[in-house]
Structure formats: C-alpha cells, structure tokens
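Asker: Shown below is the structure under consideration.
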Amino acid sequence: MVAIENLTAQIFKPQFDCPETSTLINRIDSGDGSSISALDGEIDSRWYRIINAVLWHWRGLPKLEAEAVLAKIAASTKLHTNDKWLDTVVGYQSGNWVYEFLNQAAAWQAKAESIDKTNLTGEDKNNLLNYYLIASELSSIASYPHFKTDELAMHAQTCAYQTYAKAINFSPFLIKELEFKVDNRNVKTMLHLPKTERTCPVVLICNALGNLQIDYYRYFSEFLAPNGFAMLTVDLPTVGYSRNFALSQNSSQIHQAIIEQLPSIPWVDNNRIIVAGFRFGSHIATRLAYLMPNKIKGLFNFTPLIHQIFVDKALQKNLPNSYKDMLASRLGLPSISNQQLAAELNYFSLKNQGLLTHACQVPVMNIIFEDDKLSNLCEAKLIHSTKQNKVVTVPKKQLQKSLHQALTQSVKWMESVL
C-alpha cells in the first residue's frame, strides 16, 4: 500500500493550470455526430471522447477495470468545462480523465514493483509482463486522443512508453528500439522479433489515428510471432515519437524512409515486407504499396480509409466532435470549421492524388466490417491489384470473436503471399 501511495504522490500531484482536452481545438461549428463504427467505439452524447471498451479489452485491459475508471469519472461533481460531457473535469485532479486512468496505471505499476526481482520464476516474469502492459495500456488511454498541445496527455504518453519499456524486459520475445533518419531527424521505432535464429519477414504497422505504436503488442504476440513474423511499429506524424513531424497528404513520408533503411537491420528480411494499415493507417500503407511496389510483398488494410471520408462533406460533418478535433490536431489546426476541414481533407484522397487510377503491383487484402460508415466494400474495391485482391467482410455481432477471426485470416493471407 505504501508503494502505491508513494508512486501516486510522486506522479499525480494535482494541478489546475493545464487546459482541459476538449477545449484545445476551437470548433467553429459542432454537433453530436454519429458517423463512426463499432471499431472506433461507442458514440455517447454524455462523453466528449469516444469510448472504445471493446478494443481496450482486446488490447489487454481488464473489462471491469475500464468500467470502474469510467464510473469514477462519471461520478465526479467537480467543475467541468462542458456540463454535458462527463470527461471534461477541469484540472489534474480526481474525476479528470487523464488523472483517473493514470492513477489506475500507477496501481498496476506498483503491483509490478512489489514483486521481488532477485529470483524470478517463469510465473513472476509473466505477471510482470502483464502488469506493466496493463499499466502502459491505461496510460495510453489516459493520453487519448493524443493531442500534441495537451500537456497532461503528453505526460501520460511518457508514462505509457516508460512502462512499455519495462514490460518488454519480461517478454519472451526480443524487442528492440531502433532509430531511423527521416529528413535529418531521428524517429524511434520498436522492432518485435519472434523466437527464431533466422532473419524473418516483417510487418510494418501503420497506426490508426487514435493509437500509439505500443498498442499492438497483442497482435504481435498472439498472431504474428507464432507464425514467424516480426513487427515494426512507428507512430503517426504529430503523435508519440513522431510528434515533431507534421501530417500532410504525403502521409507515408516517415514509413518510406524506414523501408529504404531496412536493409541495414540484420534481424529482418528486407525482401519480405508486408505493410499493414489500420483505419487511417491504411492511407499510409496503401501509398507505400503504390509508391514502393518493388520493396513490398503485400498490402493488408484493416478497414481502409482512403477516399470517402476525405471527400464526403456530409460524412465529415456528421463525425463526432472528438474525431473532428483529432483530425484537426493531427493537421496542426488549432481552430476548425466543417468547411475548412473538408478543404484540408480533400487533398488526402488517394483517388484525387491519382494513385488509384492504376492497379497496385502487390497482392492486396482488405478487411471491412458490416455497417461501418467510414469504410465499406466500395472503399476496398478502389484498391485493385494486378496479382491478388482479397476482401473479407466481418459481421458486427460478437465483435471480439469477429476481430479475432479477422486478424487470424490476415496472418494466413500474409503467409500465402510471401
């Protein structure tokens, strides 16, 4: 108990001079949007953030734990910046989103620190790995939606990466931090390696908008590693270790530079690269497949966002406030209107960029979900391969099971194209 109290006192001293997350982007016109899918989370008008309990649980967070933290936030009677949103408590104090999730992360970290590390058993190592991973995941959620101008979120991100670094010390897999040069600046990535003495194929992860690169450990440990794949993660521009890079229509800038430098990495086979795009990350992955077909063996997109969301003004207008704010934050816009957002996003359409006017030279697999307003069969069919086109539609019922089946299929497909 003393350890938890000391850790909490050290990290979570209340402060009230940091702006609250929902106020960081000036919305010139706003509304209660609903264009989203179960993959992005539940739309609830009582919350500013999109609550994504299903994916949080899939990423390793105990389900009841997330509900308990949300209940603490919802029960707060402290001053809110917006009374209609439960997660807008002013100041770094009880009831504040960042504070409550970080406080829970501290409890798990303290639980890990209480284990005697002088003579660790296999069970001890597994517990340490899980405790630190849960603490890291809670810290990542505390930082969500990861606005670069959010001081509290930046603190939470730092905690998330530090705890992840502790977790991987107890992983049965070898995980290395690698730095790559991009425009004379260093970008820190993480290479996750399966148990093998040989060089192995590598899956380059292109993140969704609301993720950090440390959110994919389970995908690696349960799906990629058992099939001999390495996983290389990198943050989106403006987020995490890539926060000093701007997001532009050339979204693949960082990832292209990394692929060019992969021959210098001894643990992976740079002739067997798969790019995997998750949600917005599919924009990056698809660009890579079209621009670097000689270096990439396959393109896997998990619910691709490559055209419609960037050109459909009605769809954009009906996005939740926090999602529009997240787009504005990634684009470096402190103030946004629906009209301005539409103008900025139009440049991101890969169809408008001219890439989709010719066939892709690498095999393509797209996974889409039933009733997904942001990604559908028409979107997937825009990416046409000269070698192989595979589209898998996953039912929205039993989302956890459907998600598992979809990711299992993705790895089988990857094996088939190498």
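The values are calculated or read from the model by the stated rules, or taken from the named source; none is laboratory data. Not measured: the values here are computed from a predicted model. Counting neighbours? That spans all protein chains shown, and the Cβs are built from the backbone with ideal geometry, glycine included. Remember, those area values only see protein heavy atoms, side chains included, never the ligands or the DNA or RNA. Shrake-Rupley method; radii C 1.70, N 1.55, O 1.52, S 1.80 Å.
Asker: If you check Lys111, Lys148, Lys125, which single one turns out to be under 20 Å from Ala66 (Cβ atoms), open to solvent by 40 Å² or more (accessible area, probe 1.4 Å) and in contact (Cβ under 8 Å) with a residue 12 or more places away in the chain?
Answerer: Result: Lys111 is the single residue among Lys111, Lys148, Lys125 that is under 20 Å from Ala66 (Cβ atoms), open to solvent by 40 Å² or more (accessible area, probe 1.4 Å) and in contact (Cβ under 8 Å) with a residue 12 or more places away in the chain.
Asker: In this structure, is Leu120 aliphatic (A, V, I, L, M) and open to solvent by 30 Å² or more (accessible area, probe 1.4 Å)?
Answerer: Here the answer is yes, as Leu120 does meet what is asked.
Asker: Sticking with this one: For the stretch 191-209, state whether one or more residues are over 19 Å from Asn169 (Cβ atoms) and touching a His at 6+ places or on another chain (Cβ under 7 Å). Before you say what the answer is, go through the steps one by one.
Answerer: Restricting attention to the stretch 191-209, the residues satisfying the condition of being over 19 Å from Asn169 (Cβ atoms) are 196-209.
Imposing the further condition that a residue be touching a His at 6+ places or on another chain (Cβ under 7 Å) reduces the set to 204, 206.
For the stretch 191-209, residues over 19 Å from Asn169 (Cβ atoms) and touching a His at 6+ places or on another chain (Cβ under 7 Å): present.
Asker: While we're looking at this one, here's another question. Given (1) touching a Leu at 6+ places or on another chain (Cβ under 8 Å); (2) within 30 Å of Ser416 (Cα to Cα), identify the lone condition not met by Asp371.
Answerer: All conditions pass for Asp371, except number (1).
Asker: Another question, if that's okay. Please determine whether any residue of the stretch 80-87 is among the acidic types (Asp, Glu) and open to solvent by 50 Å² or more (accessible area, probe 1.4 Å). Before the answer, list the steps.
Answerer: Kept after step one, since they are among the acidic types (Asp, Glu), are these residues of the stretch 80-87: 83, 87.
Filter once more, keeping what is open to solvent by 50 Å² or more (accessible area, probe 1.4 Å): 83.
Yes: the stretch 80-87 contains one or more residues that are among the acidic types (Asp, Glu) and open to solvent by 50 Å² or more (accessible area, probe 1.4 Å).
Asker: So for the stretch 69-78 (the condition being open to solvent by 60 Å² or more (accessible area, probe 1.4 Å) and out of contact with any Ser or Thr (no Cβ under 9 Å at 6 or more places or on another chain)), does at least one residue qualify?
Answerer: yes
Asker: Here's another thing I want to ask about it. Select from the stretch 15-56 the residues that are open to solvent by less than 40 Å² (accessible area, probe 1.4 Å) and among the β-branched types (Val, Ile, Thr) and write down the one among them that is modelled with the lowest pLDDT.
Answerer: Ranking the candidates gives Ile36 first.
A quick yes/no check of all residues on (1) closer than 17 Å to Asn169 by Cβ; (2) among the acidic types (Asp, Glu); (3) modelled with pLDDT under 95; (4) part of a helix (DSSP H, G or I):
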| residue | (1), (2), (3), (4) |
| --- | --- |
| Ala107 | no, no, no, yes |
| Ile115 | yes, no, yes, no |
| Asn119 | yes, no, yes, no |
| Asn130 | yes, no, no, yes |
| Leu133 | yes, no, no, yes |
| Leu138 | no, no, no, yes |
| Ile141 | no, no, no, yes |
| Thr149 | no, no, yes, no |
| Ala153 | no, no, yes, yes |
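Asker: Looking only at the stretch 277-301, which residues are open to solvent by 10 Å² or more (accessible area, probe 1.4 Å) and in contact with a Cys (Cβ under 8 Å, 6 or more places away or on another chain)?
Answerer: Phe278, Tyr290, Pro293
Asker: Can you name every one of the helices (runs of 4 or more DSSP H) wholly within the stretch 302-418 that holds 2 or more residues which are polar (S, T, N, Q) and either under 19 Å from Asn207 (Cα atoms) or open to solvent by 30 Å² or more (accessible area, probe 1.4 Å) (or both)?
Answerer: 321-330, 338-346, 399-417
Asker: Looking at the stretch 128-145, which of its residues are free of Cβ contacts under 8 Å to residues at least 60 places away in the same chain and not polar (S, T, N, Q)?
Answerer: Scanning the stretch 128-145 gives Leu128, Leu129, Tyr131, Tyr132, Ala135, Ala142.
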